[in-house]
């Protein structure tokens, strides 16, 4: 009786034909999310409590995580990644916003500038660009040749422990284009009447930027901030090709270290624990950004 | 006064754009220079004759396999990824945007969750899964997840949902009154009206899988099966005694499909990224 009733209720709420059709349309994604995402996700939790390579595995409880706390190389990799994220993300966003301000109005030829500056963000993570970057910053590369003209003696940027990370940070900032495009579309959505009202009230350009543009754009800034932070934490290709994690582990990003541990040393359980620790750190950072949003993100409806 | 301001703005933008793209020009001109010229001085244009033979030498610089093989492999993988992604994400997008079904809210929340999920956590367990399937050293780990909407699927489905929601519902209703079922509506009404979104999804899928390195590095071992990024990396590692011009030539060729596609379809990239804010 009860099940019949709930069946009836279900039928009232959902047209069964429609529901069947919906699940047919969703089938590829549903299978995909179960087999290729949720299941591996769970398996990776289990693996992080195991000592395991591809052939054998044994349960060792929290040992991987306890070991991580004393693993100097891992801690170094986390610190290096944090430094990279903390420096590159704000720089990239500041650049993106500055250029977006210049390119928001439809002046002649603006499309060319937008496209040209957007391009690096599409190809920047490729091996080809990494190969180019390696030579650009090499000892006799373009950067040092330019410095030579000004009488400055260059240095081997990539093989010096104090500069290698910055070579990668510059490469990250070079890819500010996608954030820029998002900022431009956000800036276009700010009603011009606001600026006009401010001008009538005698506000300077400077004031209207801080009192109108920034608050109105703040949801977009939050979005870009979160997106870029999550992406930057997962940097891999550039370090793998350009610096190979060196010199002296100064660019040993966590994902690169995880890759080496899992696929070179075949310590997959230990590497899974690293993955989860990194995920946890990313979650904390993202959470902190969202928490801070209360104080600086402005929503119109409020 | 206003004119002068605009004038300065243009000068700044032109100089800045040249500055930002200078590495690309440098890459191109270096690809037609001999070794000793690339790394001396700042002269951009080659002094002597342009060494186009760098391209020919680079193409067959690696033993056994030319870059022709790598390009063929890359195109094979990327085209399957693009088709699979379009197939699975338009279907899921239609279901989420238009149909009513049980667990819709939960499933949509899961979809949004995968948008934010750092993919690095899946690297090891997916490798274990695919090696259990016996898929290592084949293109299956690159292609099958795309057919199942797991290659940046969250982003693409979200983009499709946003777009389909913008199509007036009246068109669906009219088709339904004319006796169309859900599949007919999808095929004859939704698909033709989502062409711009399908284009954006296809282009981004192309770019990302063409330039994807980590997955290809993980799953492809045979040089004969190498894609362009893997071939390039092999070239880079063996290049100690080889001509840098040839390496740059091959790097440029590797970038060419992305750059060409971008210049022909900029609108779709910029619109796609502006509607969902996908990563670049």
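Being away from every other protein chain (no Cβ under 11 Å), over 26 Å from residue B:196 (Cβ atoms), free of Cβ contacts under 8 Å to residues at least 60 places away in the same chain and surrounded by fewer than 16 Cβ atoms within 10 Å (Cβ to Cβ), is that true of even one residue in the range B:69-82?
yes
Tell me the residue from B:106, B:86 that is touching a residue at least 24 places away in the same chain (Cβ under 8 Å), within 25 Å of residue A:17 (Cα to Cα), more than 10 Å from every other protein chain (Cβ to nearest Cβ) and surrounded by fewer than 24 Cβ atoms within 10 Å (Cβ to Cβ), please.
None of the other options fit; the residue is B:86.
In the range A:245-302, what residues are part of a loop (DSSP other than H, G, I, E, B) and within 18 Å of the chain's Cα centre (by Cα)?
Once the filter is applied, which keeps residues that are part of a loop (DSSP other than H, G, I, E, B) and within 18 Å of the chain's Cα centre (by Cα), the range A:245-302 yields A:251, A:252, A:253.
On the given criteria, is residue B:57 farther than 28 Å from residue A:116 by Cβ, within 12 Å of chain A (Cβ to nearest Cβ) and part of a helix (DSSP H, G or I)?
Numbers: farther than 28 Å from residue A:116 by Cβ: yes; within 12 Å of chain A (Cβ to nearest Cβ): no; part of a helix (DSSP H, G or I): yes.
No.
Could you pull out the residue among A:54, A:119, A:102 that is part of a loop (DSSP other than H, G, I, E, B), within 10 Å of chain B (Cβ to nearest Cβ) and touching a helix residue (DSSP H, G or I) at 6+ places or on another chain (Cβ under 9 Å)?
It is A:54.
Quick one: in the range A:163-205, of everything that is more than 14 Å from chain B (Cβ to nearest Cβ) and either within 19 Å of the chain's Cα centre (by Cα) or touching a residue at least 24 places away in the same chain (Cβ under 8 Å) (or both), which residue is farthest from residue A:238 (Cα to Cα)?
A:190
Those residues that are within 30 Å of residue B:262 (Cα to Cα), part of a helix (DSSP H, G or I) and at pLDDT below 95, I need them from the range A:141-166; list them, please.
A:142, A:143
For residues that are assigned to a loop (DSSP other than H, G, I, E, B) and either surrounded by 21 or more Cβ atoms within 10 Å (Cβ to Cβ) or under 23 Å from the mean Cα position of the chain (by Cα) (or both), scanning just the range B:170-218, find the one that is farthest from the other protein chains (Cβ to nearest Cβ).
B:194
When residues of the range A:76-94 are filtered for being surrounded by fewer than 19 Cβ atoms within 10 Å (Cβ to Cβ) and either within 7 Å of another protein chain (Cβ to nearest Cβ) or under 11 Å from residue A:174 (Cα atoms) (or both), how many remain?
Number of matching residues: 1.
Do the conditions hold for residue B:257, that is, is it modelled with pLDDT of 90 or more and within 11 Å of chain A (Cβ to nearest Cβ)?
Criteria met by residue B:257.
Can you confirm whether residue A:220 is touching a residue at least 24 places away in the same chain (Cβ under 8 Å) and crowded, with 19+ Cβ neighbours inside 10 Å?
Yes: the conditions hold for residue A:220.
If a residue must be surrounded by fewer than 21 Cβ atoms within 10 Å (Cβ to Cβ) and at the interface with chain B (Cβ under 7 Å from one of its Cβ atoms), how many such residues does the range A:124-156 contain?
Matching residues across the range A:124-156 total 4.
Check residue B:221 against each of (1) without any contact (Cβ under 8 Å) to a residue 40 or more places away in the chain; (2) part of a loop (DSSP other than H, G, I, E, B) and name the one condition it does not meet.
(1)
Residues to consider are B:159, B:122; find the one that is surrounded by 18 or more Cβ atoms within 10 Å (Cβ to Cβ), more than 10 Å from chain A (Cβ to nearest Cβ), in contact with a helix residue (DSSP H, G or I) (Cβ under 8 Å, 6 or more places away or on another chain) and part of a helix (DSSP H, G or I).
B:159
For the range B:89-102, which positions are within 18 Å of residue B:152 (Cβ to Cβ) and within 7 Å of chain A (Cβ to nearest Cβ)?
B:91, B:92, listed by residue number.
The values are calculated or read from the model by the stated rules, or taken from the named source; none is laboratory data. Predicted model only: the values in this text are computed from it and were never measured. FYI the Cβ positions are ideal-geometry reconstructions off the backbone, even for glycines, and counts take in every protein chain you see.
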